[in-house]
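**Q** This structure is in structure tokens; I'll ask about it shortly.
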Amino acid sequence: MQNTAESVPYEGLSPDTVLAAIESLGARCDGRLLALNSYENRVYQIGCEDAPTLVAKFYRPGRWEDAAILEEHAFALELAGHELPVVAPLVIHGHTLHHHAGYRFAVYPRMGGRMPDLDMHGHRLQMGRFLGRMHAVGRVRTFAHRPVLDVESYGRASLRTILERDELLPAHVAEAYRSVASDALKRVDAAWARAEPLTRIRLHGDCHAGNVLWTESGPHFVDLDDTVMGPAVQDLWMLLAGDRAEMSVQMAQVLEGYTAFCSFDGRELHLIEALRTLRMIHHSAWLARRWHDPAFPMAFPWFAETRYWEDQVLALREQTALLEEGPLQVQW
């Protein structure tokens with residue numbers, strides 16, 4: 001049985017607690033408090049009487065060690081120091097990570113913007129330039145406390161988590177899911193071997209359109225919560241959509257911008273479908289791990305339905321077939 005802190009991780013995070021946390025840093029809140037869209041952490045926009053509007057991120061208890069959070073912050077500050085459009089945490093009283101009422105939190109300036117439309121002319125080229133600049137910095141040093149994106153942690157460990165949650169995975173689907181996921185992971189291993197030797201760098205880690213704010217000056221990242229060590233293509237493949245021909249053209253656009261600032265190893269193109277497969281399994285495991293949090297059944301009610309798991313079996317079978325195909329043919 002889950003203990004209370006794990007079952008209701010934000011039970012004590014009332015609006016008064018949030019405002020008190022911000023005021024403990026010396027700010028004067030004006031009472032405006034808006035919860036922003038976030039499931040893993042809790043994020044709030046907070047109005048202040050004597051300062052611009054702030055955004056506060058309260059980290060999920062137990063998810064990260066302080067050292068891992070501080071590495072995230074240091075990376076964001078390093079990128080901002082190279083004039084990259086990353087919204088870094090504010091340094092307040094010499095610190096970026098703060099504590100109040102048992103919660104850890106960081107404070108950021110508010111950044112406006114909209115979700116990018118990657119089909120608009122030049123947007124993928126701009127994203128490629130931005131990521132090339134980011135990865136040029138990411139190659140300079142390594143993380144000591146952040147995760148490494150690999151098949152074991154994102155694939156097999158995630159599969160074990162899913163199979164252990166038999167109250168979520170219907171019995172009549174469990175064996176089919178185990179079999180098809182295991183088969184897909186064998187092909188992921190083969191794709192990984194074709195891409196070796198890999199260079200692992202500091203990455204954003206979750207680079208899809210929903211994690212980008214687009215402004216008149218181009219893309220901005222506002223959160224590096226999933227930053228990891230991994231292959232560069234992890235930050236590129238989620239910018240692609242459509243069939244192989246469409247994705248080949250799109251990747252060429254991304255790489256045109258990317259390689260103006262950072263080299264790219266073409267062997268990593270073998271990893272696109274492998275990384276997509278890992279993301280599918282890892283996402284299901286993430287939902288399973290968080291199902292005790294009351295926010296998750298409300299936000300993802302379909303996860304507990306048989307149809308979800310049947311669809312996952314079909315999707316992983318399709319991925320198994322895609323993993324047998326060669327890499328995208330891209331000219332850049």
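The values are calculated or read from the model by the stated rules, or taken from the named source; none is laboratory data. Everything numeric here is computed off the predicted structure, so don't read it as measured data. Please note: Cβ atoms are built from the backbone with ideal geometry, for glycine as well, and neighbour counts cover all protein chains shown.
**Q** So in the stretch 58-103, with the set limited to residues that are of a type in the set (D, E, K, R) and closer than 24 Å to Leu131 by Cα, which one is modelled with the lowest pLDDT?
**A** So the residue we want is Glu83.
Matching residues to (1) under 28 Å from Pro297 (Cβ atoms); (2) under 21 Å from the mean Cα position of the chain (by Cα); (3) not hydrophobic (A, V, I, L, M, F, W, C):
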| site | (1), (2), (3) |
| --- | --- |
| Arg129 | no, yes, yes |
| Val137 | no, yes, no |
| Pro147 | yes, yes, yes |
| Arg156 | yes, yes, yes |
| Leu159 | yes, yes, no |
| Asp166 | yes, no, yes |
| Tyr177 | yes, no, yes |
| Ala209 | yes, yes, no |
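**Q** Does any residue in the stretch 102-130 that is within 16 Å of Tyr258 (Cβ to Cβ) come within less than 8 Å, Cβ to Cβ, of a residue that is surrounded by fewer than 12 Cβ atoms within 10 Å (Cβ to Cβ) six or more places away or on a different chain, and which pairs are these?
**A** What qualifies is Leu118/Ala241; His123/Asp117.
**Q** For Leu97, state whether it is of a type in the set (A, V, I, L, M, F, W, C), more than 17 Å from the chain's Cα centre (by Cα) and farther than 21 Å from Gly12 by Cβ.
**A** On the way: of a type in the set (A, V, I, L, M, F, W, C): yes; more than 17 Å from the chain's Cα centre (by Cα): yes; farther than 21 Å from Gly12 by Cβ: no.
When the stated conditions are applied, Leu97 does not pass them.
**Q** Which condition number in (1) at pLDDT below 95; (2) under 21 Å from Ala191 (Cβ atoms) is the one that Pro294 fails?
**A** If we test Pro294 against (1) at pLDDT below 95; (2) under 21 Å from Ala191 (Cβ atoms), just (2) comes out false.
**Q** Next up: Name the single residue, out of those in the stretch 305-322 being hydrophobic (A, V, I, L, M, F, W, C) and under 23 Å from the mean Cα position of the chain (by Cα), that is farthest from Ala181 (Cα to Cα). It would help to see each step written out before you state the result.
**A** Initially, the stretch 305-322 is screened for residues hydrophobic (A, V, I, L, M, F, W, C), giving 309, 313-316, 321-322.
In the following step, the residues that additionally are under 23 Å from the mean Cα position of the chain (by Cα) were identified as 309, 315-316.
Details: Trp309: 12, Ala315: 10, Leu316: 6 Å.
Filtering the stretch 305-322 for residues that are hydrophobic (A, V, I, L, M, F, W, C) and under 23 Å from the mean Cα position of the chain (by Cα), the one farthest from Ala181 (Cα to Cα) comes out as Trp309.
**Q** What is the number of the single condition among (1) surrounded by 14 or more Cβ atoms within 10 Å (Cβ to Cβ); (2) out of contact with any Asp or Glu (no Cβ under 6 Å at 6 or more places or on another chain) that Leu131 does not meet?
**A** (2)
**Q** Condition check: part of a helix (DSSP H, G or I), assigned by TED's automatic domain parsing to the domain that holds Leu169, in contact (Cβ under 8 Å) with a residue 24 or more places away in the chain and farther than 30 Å from Glu167 by Cβ. Does Ser248 satisfy that? Spell out how you get there, then give the answer.
**A** Numbers: part of a helix (DSSP H, G or I): yes; assigned by TED's automatic domain parsing to the domain that holds Leu169: yes; in contact (Cβ under 8 Å) with a residue 24 or more places away in the chain: yes; farther than 30 Å from Glu167 by Cβ: yes.
So Ser248 passes the test.
**Q** Separate question: Kindly indicate which of Gln329, Gln250 is of a type in the set (S, T, N, Q) and over 22 Å from Ala209 (Cα atoms).
**A** Every option except Gln329 fails the conditions.
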